[in-house]
1. Is the stretch 25-131 rounded, prolate or oblate when judged by the Cα gyration tensor, a ≥ b ≥ c being the square roots of its eigenvalues, rounded requiring a/c under 1.5 and prolate requiring a/b larger than b/c?
2. Of SER557, SER194, how do they rank once you tally other Cβ atoms within 10 Å and put the fewest first?
3. Rank ILE133, GLY82, LEU36 by how far each Cα sits towards the positive end of the charge dipole of the stretch 1-176 (+1 on Lys, Arg Cβ; -1 on Asp, Glu Cβ) and give me just the farthest.
4. Treat every Asp and Glu Cβ in the stretch 1-176 as -1 and every Lys and Arg Cβ as +1, leave all other atoms uncharged, and give the resulting dipole magnitude about the Cα centre to the nearest 20 debye.
5. Under the classification rounded if a/c is under 1.5, otherwise prolate if a/b is larger than b/c and oblate if not, where does the stretch 136-226 fall, given a ≥ b ≥ c as square roots of the Cα gyration tensor eigenvalues?
6. Using 0.36 nm times the number of residues separating VAL335 and LYS545, minus their current alpha carbon distance, what extension gain do you get?
7. Dipole of the stretch 542-584 (Lys/Arg Cβ +1, Asp/Glu Cβ -1, origin at the Cα centre): which of LEU569, SER554, LEU542 lies farthest to the positive side?
8. Taking neighbour Cβ counts within 10 Å as the exposure measure, how do MET168, MET402 sort from fewest upward?
Amino acid sequence: MVCRYVFRLCLLIFLGTAEFPNLYAQLKIDSLQNELKTAEGMQRADLLRVIAQRMMYTQPDSARIYIEKSLAAFEGGDDKEGLVRAMLTSGTLYVEDAQLAMGEDVVLKALDLAREIDFKEGIAWLNLTMGTINIRQGKYTEAAEYHFEGARFAREIGEYDVLLTNLMNLGILKTHLSLFDEASQYLLEAVAVSREHGTKFREAQLYGNLGFLEYKRQNIRLSREYHQKSVATFRQLEDRVNMAASLSNLGFAQGLLKEIKEAQASYDEALRLFREVGDASGEARVLGNLARLLKEAGNTRKALTYAEQAVADGKGTGYIELQKDLYQIRYELYVELKDYEKALNSFKSFKELEDSIRISTDNTEIARLTAQYEVERLEQKNQLQLKENEIKNLQLRQRNQMLIGAGLLLLIIVYVSVRIRNRLKMKLTLTEKDVQISKQAFELERERLMAYTQELLMKNESLEEKQHQLEMQTADTEEKTVESYELLDRLSSAIVDDKDWKTFKLYFEAVYPTFFETIRSEKEVNLTLGEQRLAALIKLSLSNKEVGAILNISRNSVVRAKYRLRQKLGFTETSELENYLLSL
């Protein structure tokens, strides 16, 4: 399990309920409930949220009642940040109840709201939560993307605890993908952050992560040493939850080194602690490890007893990868006992879960996200001092010249657009008899459409070249004038002109009058303006490069836009989307 307990602790700190040592003391809950009797407005909404948060892990049913009341109160007020926190609590309750899909839905809505109000602290924590949810679902590419964004925002606002957790999860993700050097890089960065801003608790966790990394590298003795340090540190902190997880990891390393008695002792203590804290997934993992240990020791019957209990405990946890591992252990044991019918059933369950885990993620995409994260981090450091003290005093004559030039350009664009629109209006006032066009007339209209599309493409390429030339010219001067900035801005906005797109749509609908209506009626979706543009360009059989040139986006962005459009229209492959649009 990846940083589950770290996530819980960090979430409690963020939501403002991390008073140790007795976090969920009933006395404190009673005190908050007394305050609730006289509280009004947003204060009442926040008290309901805090009470729900304190009950989350001990009284989940009651916590759900309080958080629903809190959400209703926040939605009727103006405290958007409070609403984000309440939605995060609600989503976390669903996740802890193994309702991952519902939790993901609530957290994504909270993330959209946090971005809308520019609540950077909320964005950082919500990305961490989404990364954790995607890890539990085996969706490692998505998890990495959320953790990169979470780390970026955390670094920007100085939230070192959430930065540390994101870095730890990234290190573990890279370890799972066998990218050991990159994993080591993130874990070492986490070590540096922990030493500067962290605690003994963080050091203990990092020892465990480094132990797992060394296990993956087949350096088992060093892995055991790291896990021993992790256990010793958590024991000093009297942290039963994390000590149990570390003992389980230590027992696994000891088992690999054939230290059977030592491994059995570590597993027994871990099992006792997991049962004390009520962690079903931790208990299931230890039972699975015990089954594997006894299998290696030749005690197959007893190993099967542990394996059966582990599978039963693991079903309700929501951890797909854990369930997969447990079915594999049970399958191997049934094979040894020559009970092939039960072995086959276990193997089928194992394969179904294995196929559902998207571990075969495109490593190229992971590498791209990593590079993007590193670039953004460096840019943040270099640009913090470059946002003030730009040119303030401009000569009035030069400014007027720019305004006059821009005005003339605008008049020309308006004049041309009006003439084009008038011509198209005349063409669109056809009689019913004229609408019955022949095949030859259809081809003529299509040629006009394609010609205009080429004209639009050439226009954008020309404007992009002019923009590039102006950027090159201004780059040679010691400082840029405001006029240069304004001209660059106007050239950039001219590349994708809504008026041009309105004209293009008139041409397009003259050739394919029922195109968009057919999509809406057959697929029962409403396309956004951007999606309509993309669908029309696909209909014209343009390449990704040509579509990107017209839309002023990169080829990779075109591919992503097609991916989102095909998902919205219900297709699994891009080729299916293209064939469908071409058939309309």
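1. oblate
2. Ordered by Cβ neighbours within 10 Å, fewest first: SER557, SER194.
3. Of the listed residues, the answer is ILE133.
4. Once rounded to the nearest 20, the dipole reads 460 debye.
5. Oblate, since a/c reaches 1.5 and b/c is not below a/b.
6. 70.1 nm
7. Result: SER554, furthest along the dipole toward the positive end.
8. Arranged by neighbour count, lowest to highest, MET168, MET402 become MET402, MET168.
Values in this text are rule-based calculations from the coordinates and carry no lab data. Source: prediction; values computed, not measured. Using ideal geometry, Cβ is built from the backbone for each residue, glycine included, and neighbour counts are taken over all protein chains shown.
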